[in-house]
Amino acid sequence: MAKSPETEHPVKAFGWAARDPSAHFSPFNFFRRATCEGDVQVKVMYCGVCHSDLHMAKNERGLSQFPIVPGHEITGMVTEVGSKVEKFKASDKVGVGGMVGSCRECDQCANDLENYCPKYILTYSSRYTDSSSCKWICV
């Protein structure tokens, strides 16, 4: 039997989402996965929405997954870290860019070129390969 989304992703979250290419934003409650060993959970304090975010909200590139909560120029505060995270602690102020993860195993990742990783994870409109596991190290 498959797990319910709330069981698999127990962390409540809130954002302003576009639910279709009309790019009309409305309040959106959703669930995120629990913090894994290599994760840094961040309370978003401020987030810029630039023109590329609006292109994604309108699906002008044909890559968007709806509902979409765009924004990739994020500043916030660390609320929780995974057991293997060493660079951050709760209450640290942080910034988040357009990419939040990569496989850390391919040639590109081995050469500090994570932005060319074939399995990179964008800040939004991107999915973890296996969202129920903690195999991705995103620090």
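The values are calculated or read from the model by the stated rules, or taken from the named source; none is laboratory data. Remember, predicted model here, so these are calculated numbers, not experimental data. Quick reminder, even Gly has a Cβ in these numbers, built from the backbone with ideal geometry, and neighbours come from all protein chains shown. Heads up: the accessible areas ignore ligands, DNA and RNA and are worked out on the full protein's heavy atoms, side chains in. Shrake-Rupley method; radii C 1.70, N 1.55, O 1.52, S 1.80 Å.
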Practice task
Kindly indicate whether any position in region 56-65 is within 16 Å of the chain's Cα centre (by Cα) and charged (D, E, K, R).
Solution key: no
Fill in the blank from the handout: Matching residues in region 60-113 (aliphatic (A, V, I, L, M) and either within 19 Å of Met45 (Cβ to Cβ) or touching a Pro at 6+ places or on another chain (Cβ under 8 Å) (or both)) number 9
Problem - Flag for Phe14 being without any contact (Cβ under 8 Å) to a residue 40 or more places away in the chain, touching a Phe, Trp or Tyr at 6+ places or on another chain (Cβ under 6 Å) and more than 18 Å from Ile121 (Cβ to Cβ) - result: no
Practice task
Grab the strands (runs of 3 or more DSSP E) fully contained in region 73-119, keeping just those with 2 or more residues being touching a Phe, Trp or Tyr at 6+ places or on another chain (Cβ under 6 Å).
Solution key: 73-81, 99-101
Problem - Hits in region 72-94 (condition: at pLDDT below 95 and within 25 Å of Met56 (Cβ to Cβ)) - result: His72, Glu73, Ile74
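Table: residues versus (1) touching a residue at least 12 places away in the same chain (Cβ under 8 Å); (2) in contact with a helix residue (DSSP H, G or I) (Cβ under 9 Å, 6 or more places away or on another chain); (3) open to solvent by less than 40 Å² (accessible area, probe 1.4 Å).
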| position | (1), (2), (3) |
| --- | --- |
| Val42 | yes, no, no |
| His51 | no, no, no |
| Gln65 | yes, no, no |
| Val78 | yes, no, yes |
Problem - Qualifying positions in region 114-129 - exposed (fewer than 11 other Cβ atoms within 10 Å of the Cβ) and either within 20 Å of Lys43 (Cβ to Cβ) or within 14 Å of the chain's Cα centre (by Cα) (or both) - result: Arg127
Handout entry: Which numbered condition Ala57 fails, given (1) among the small types (Gly, Ala, Ser); (2) at pLDDT 90 or above; (3) surrounded by fewer than 14 Cβ atoms within 10 Å (Cβ to Cβ)
Key = (3)
Handout entry: Residue in region 16-38 that is most open to solvent (accessible area, probe 1.4 Å), counting only those that are of a type outside the set (Phe, Trp, Tyr) and modelled with pLDDT under 90
Key = Arg32
Problem - Condition met for Glu8 (at pLDDT 95 or above and open to solvent by 40 Å² or more (accessible area, probe 1.4 Å)) - result: no
